[in-house]
Amino acid sequence: MRPFVAGNWKMNNGPIRGKAFFEEIKKFPLERAEVVIFPPFITIPYVKKLAEEKGISLGAQNAYWRKEGAFTGEISLEMLIEAGVDYVLVGHSERRNIFGESDEEINLKLKAVLRAGLRPVLCVGENLAEREEGRTREKVRFQLDADLSGIVPTDVIIAYEPIWAIGTGKTATPEQAEEVHAFIKEYLGNVRVIYGGSVKPENAHSLMAQPHVDGVLVGGASLKPASFYDIILAGIKAFEEKG
Ligand code: PGA
């Protein structure tokens with residue numbers, strides 16, 4: 001099994017910087033990892049060919065669940081397929097908290113992504129108050145139940161992203177991550193679970209060394225090829241050691 005290392009560029013790296021990233025990452029050997037980049041929609045067509053040449057898959061950070069029609073500002077799954085996307089991020093905490101996405105909508109999106117034959121990465125995780133009150137498992141279980149209602153999760157990748165660790169420089173300790181990952185796998189059965197929240201070259205190895213951590217979802221540190229590659233290397237090393 002190879003480590004799954006994904007970069008969520010969020011609202012960064014438009015066509016010009018996005019292309020420069022792919023031009024630069026060319027020089028690094030990536031074969032021993034499964035690498036996915038989630039660029040902004042507008043960047044996707046500009047980097048598709050370069051990504052393909054390098055064996056990097058592309059994902060969308062969001063998608064609408066309806067097929068087509070009068071939905072100003074939205075992007076359909078069919079459009080994403082035409083653009084060569086393989087993965088779709090669903091329910092990122094920024095979508096939930098800034099854009100008010102509900103678990104019901106996330107459930108509709110997940111169903112639509114699977115119907116379209118694309119691979120969803122579902123983000124779940126507790127906020128600081130929930131963690132401090134000892135309600136982490138309860139929150140994660142609630143999100144899994146609601147978001148995956150009516151879905152067999154075999155083809156869903158789960159990203160455990162504690163909200164208090166996203167973009168804050170605070171990472172969950174490897175033990176904290178491992179505990180929740182083990183819980184998710186026990187709860188859902190055989191699914192892949194990756195960790196996200198301030199993953200950096202310095203902490204990537206100890207996180208991916210945990211038995212139930214199958215990879216990482218990286219925000220800030222995925223914007224530059226050098227730091228992203230260091231994270232990939234850390235994952236390759238950790239997976240070799242895990243056997
Ligand atoms: P971060 O973001 O690595 O910048 O904390 C992770 C994410 O939101 O997916």
For G7, list long-range residues whose amide hydrogen, built 1.01 Å from N in the peptide plane, is under 5 Å from its own amide hydrogen. V36, I37, F38, V218
Compute the normalised compactness of the range 1-85: alpha-carbon radius of gyration over 2.2 N^0.38 Å, N being the residue count. 1.14
Cα coordinate range in the chain, projected on the principal axes (Å, largest first): 44, 44, 30
When the chain is fully extended, how far beyond the present Cα-Cα distance does K49 get from E202, taking 0.36 nm per residue of separation? 52.0 nm
By average Cβ neighbour count within 10 Å, what is the ranking of 182-189, 67-74, 17-24, 202-209 from highest down? 202-209, 17-24, 182-189, 67-74
Over all viewing directions the Cα convex hull of the range 117-237 casts an average projected area in nm² of 7.6 nm²
Sum up the lysine pairs in the range 160-243 that clear both bars: alpha-carbon distance under 19 Å and a spacing of 8 or more or different chains. 4
Order W9, W65, most accessible first, counting only protein heavy atoms with a 1.4 angstrom probe. W65, W9
Calculate for the chain the 222 nm mean residue ellipticity that helices alone would give, adding -39,500 (n - 2.57) per DSSP H run of length 4 or more and normalising by residue count, nearest 500 deg cm²/dmol. -12500 deg cm²/dmol
Once ligands and nucleic acids are excluded and a 1.4 Å probe is used, how much of R137 is accessible, expressed in Å² to the nearest 10? 110 Å²
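The values are calculated or read from the model by the stated rules, or taken from the named source; none is laboratory data. From a predicted model like this one, the values you see are computed outputs, not experimental measurements. Ideal geometry is used to build each Cβ from the backbone, glycine not excepted, and the neighbour counts take in all protein chains shown. These accessible areas exclude ligands, DNA and RNA; they are computed on the full protein's heavy atoms, side chains included. Shrake-Rupley method; radii C 1.70, N 1.55, O 1.52, S 1.80 Å.
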